[in-house]
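The values are calculated or read from the model by the stated rules, or taken from the named source; none is laboratory data. As the structure is a prediction and not an experimental result, all values here were calculated from the model. Heads up, the Cβs are rebuilt from the backbone with ideal geometry, glycines too, and the neighbour counts pull from every protein chain shown. Remember, those area values only see protein heavy atoms, side chains included, never the ligands or the DNA or RNA. Shrake-Rupley method; radii C 1.70, N 1.55, O 1.52, S 1.80 Å.
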Amino acid sequence: MRTSIATVSLGGSLTEKLTAAARAGFDGVEIFENDLLASPLTPEEIRTRCADLGLTIDLYQPMRDIEAVPEEVFAGNLRRARHKFELMRRLGTDTVLVCSSVSPLAVDDDALATGQLRRLADLAQEFGIRVAYEALAWGRHVNTYDHAWRIVEAAGHPALGTCLDSFHILARGSDPKGIEDIPGEKIFFLQLADAPLMAMDVLQWSRHYRCFPGQGGLDVTGLLRHVVAAGYQGPLSLEVFNDVFRQADAGPTAVDAHRSLLVLQEAAGLAEPPAPVVPTGVAFVELVTPDAEPPAALLGALGFARTARHRSKPVDLWERGEARVLVNTGPGARREGTCLAAVGLESPDPTGAARRAEALLAPVLPRRRAPEDAPLDAVAAPDGTELFFVATDHQALPNWRADFEDLPPGRTTPRAADTVTRIDHLALTQPWHEFDEAVLFHRSVLGLHAQDSVDVADPYGLHRSRAVTNADGSVRIALGVGPAPTDDTARAQHIALATDDVVAAARAFRAAGGRLLAVPANYHDDLAARYGFGDGELETYRDLGILYDRDEQGGEFRHCYTETVGRVFFELVQRDAGYRGYGAANAPVRMAAQHIGRTVR
Ligand SMILES: O=C(O)c1ccc(O)c(O)c1
Ligand SMILES: [Mg+2]
């Protein structure tokens, strides 16, 4: 179906919004009146600009407080409408949205509303314009879609139809099934928005927290199915009032917006992009650093061995068990020191994964970084992290490992127990305004499942975190967002290593010169009050800074943290009895400890 976006959904000037919408692949736009009023362009220039960009103007909106008012007020409203219709003629658009009245002058009289909307439609018809009447969820007397439709039906005017808006319908808990009773040709327009589920005033909820379909908790897909079943043929148009998107760059927001519509159409059975290829593991993570020494010291103490070097680039491969970390000292290094720049995801079909990503508008990266490199499929996540789709040691597929030449086995640090087995999870902090997009990206592009969002309070603000995982938990990425872009803990990235004996792993790390994050005594005192531990167990945790969590099914989680280099730190995690979480209950203590910055050898 054709796709459209209301200019109110994007930040910037009208021209910036139009350019972003066109570049992201939208077919049309709804022009929001305030964007037009604030633009130095004449209506004719806006019309030409849209045409040059290949955009149709699908709707002009909104007209407010038109109907069910005393006659002398309505006469003024018609005068206002005539002015708008003249403007719309200059803009070259033929549909206007009228939202249900919120005016204290409006009366609860459907017959009056019907009669006045019919007269408005008569006037519109003279201009070749159609009026789409929409029930605002907070409309004074008309606030449900079925009520708005009853009025439109009673008016029986060819230039009067209804506009359905998923937010207003779903936010009020109306049953969208009744949409199928509306003839498709009388649904003049469809606006789509999602929203996180919140218990708050519906107007505030709508004006500040709408988000793109798939980013919130409303069943926009189910609603769309009913609208299509009704026979609606018009565009799918996003109308998203959101405080964060207004401040963000229109370009990337428009791309995320268009991706959400592609995914929505797929979910509703209206489009069939290449199927997701769910990753089956983490092959490697790649750190970039201006100085190899700090990450090398940390990896060495964690028992990693430097096993191979890239044939043409300053990149070392460090391995321990199935955990692999690349350390890149090449030109990608950033000012903030060591950063996690790329993730290699094991994929059963790397090319298929890249095709899916491209169809969903993910930026595709060059397959080879240098002529002699293996041709690897890679895309950029919203935060710029490069995602490589790879198949480690797979005969038939390009092998990333073949770009590396084995180093002679070096002296390995003696270890009490070789317990680190693989990467358990990654925690990647997202730019604050890109969190929802990041979740939708990982879900839709990679086919991962998003768990519930959790809030974590640290001393200087509230962090939000949401994990995306594959079915067997071999890929787990905790996406996080911090309270302020300047907060260091808000920019941290961490790599959690799975171990079957966190005490042994922590002791070996410390014996090799590693520094563990010190945890306040109060924390362990509290643990003692909550759980029974065996003799000496708690003292061991206290000594090593090991944190403990237990879930409702009796699953247990023991974990501790290394010092941070640049933006990166490591976590050692031991999961027992099917624990599936990330120790969220302990995160405030960890973040507070990181603010204090105390580590113990
Ligand atoms: O919040 C509003 O006023 C408003 C205006 C126009 C719409 O289409 C809408 O859904 C809400
Ligand atoms: Mg609307």
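Applying a threshold of 8 Å to beta carbon distances and a minimum spacing of six or more residues, or different chains, the list of pairs starting in the range 160-184 at a residue that is of a type in the set (Phe, Trp, Tyr) and ending at one that is within 14 Å of ligand 2 (Cβ to nearest atom) and assigned to a loop (DSSP other than H, G, I, E, B) reads 167/137; 167/193; 167/195; 167/210; 167/218; 167/239.
Residues are listed down the side, and each one gets a yes or a no for (1) more than 16 Å from ligand 1 (Cβ to nearest atom); (2) in a helix (DSSP H, G or I); (3) small (Gly, Ala, Ser); (4) under 28 Å from the mean Cα position of the chain (by Cα):
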{"site": "131", "(1), (2), (3), (4)": "no, no, no, no"}
{"site": "136", "(1), (2), (3), (4)": "no, no, no, yes"}
{"site": "150", "(1), (2), (3), (4)": "yes, yes, no, no"}
{"site": "162", "(1), (2), (3), (4)": "no, no, no, no"}
{"site": "174", "(1), (2), (3), (4)": "no, no, yes, yes"}
{"site": "180", "(1), (2), (3), (4)": "yes, yes, no, no"}
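Of the numbered criteria (1) at pLDDT 95 or above; (2) more than 26 Å from the chain's Cα centre (by Cα), the one residue 371 fails is (1).
Taking the range 32-42 as the region of interest, how many residues are open to solvent by less than 60 Å² (accessible area, probe 1.4 Å) and more than 23 Å from residue 188 (Cα to Cα)?
Taking the range 32-42 and keeping what is open to solvent by less than 60 Å² (accessible area, probe 1.4 Å), we get 32-33, 35-36, 39, 41-42.
Still in the list and also more than 23 Å from residue 188 (Cα to Cα): 39, 41-42.
Result for the range 32-42: 3.
For residue 407, the conditions (1) touching a strand residue (DSSP E or B) at 6+ places or on another chain (Cβ under 7 Å); (2) surrounded by 14 or more Cβ atoms within 10 Å (Cβ to Cβ); (3) under 23 Å from residue 289 (Cβ atoms) all hold with the exception of (2). Assess whether residue 101 counts as being within 16 Å of ligand 2 (Cβ to nearest atom), within 22 Å of residue 79 (Cβ to Cβ) and not aliphatic (A, V, I, L, M). Yes; evaluated as a whole, the condition is true for this residue. Scanning the range 262-271 for any residue that is away from ligand 2 (no atom under 16 Å from the Cβ), crowded, with 23+ Cβ neighbours inside 10 Å and charged (D, E, K, R) turns up nothing. Whether any residue in the range 107-124 is assigned to a loop (DSSP other than H, G, I, E, B) and within 16 Å of ligand 2 (Cβ to nearest atom) is what I want to check. No, there is no match, as no residue in the range 107-124 is assigned to a loop (DSSP other than H, G, I, E, B) and within 16 Å of ligand 2 (Cβ to nearest atom).
Take the residues of the range 152-167 that are more than 11 Å from ligand 2 (Cβ to nearest atom) and open to solvent by less than 10 Å² (accessible area, probe 1.4 Å): which is farthest from residue 234 (Cα to Cα)?
So in the range 152-167, the residues more than 11 Å from ligand 2 (Cβ to nearest atom) come out as 152-162.
Those still in the list that are open to solvent by less than 10 Å² (accessible area, probe 1.4 Å) too: 152, 155, 159-162.
On the way: 152: 18, 155: 22, 159: 15, 160: 15, 161: 12, 162: 12 Å.
Ranking the qualifying residues of the range 152-167, first place goes to 155.
Restricted to the range 522-539, and to residues there that are of a type in the set (A, V, I, L, M, F, W, C) and at pLDDT below 95, the residue that is surrounded by the most Cβ atoms within 10 Å (Cβ to Cβ) is 533. Restricting the first member to the range 195-216 and to residues that are closer than 19 Å to residue 260 by Cβ and open to solvent by 70 Å² or more (accessible area, probe 1.4 Å), and the second to residues that are within 15 Å of ligand 2 (Cβ to nearest atom) and in a loop (DSSP other than H, G, I, E, B), the beta-carbon pairs closer than 8 Å and six or more apart or on different chains are 197/218; 209/195.
For a quick check of your reading: which strands (runs of 3 or more DSSP E) sit entirely within the range 340-444 and have at least 1 residues that are over 30 Å from residue 564 (Cα atoms)? Spell out the reasoning first.
Details: elements: 377-380, 386-390, 404-406, 420-429.
Strands (runs of 3 or more DSSP E) meeting the threshold: 377-380.
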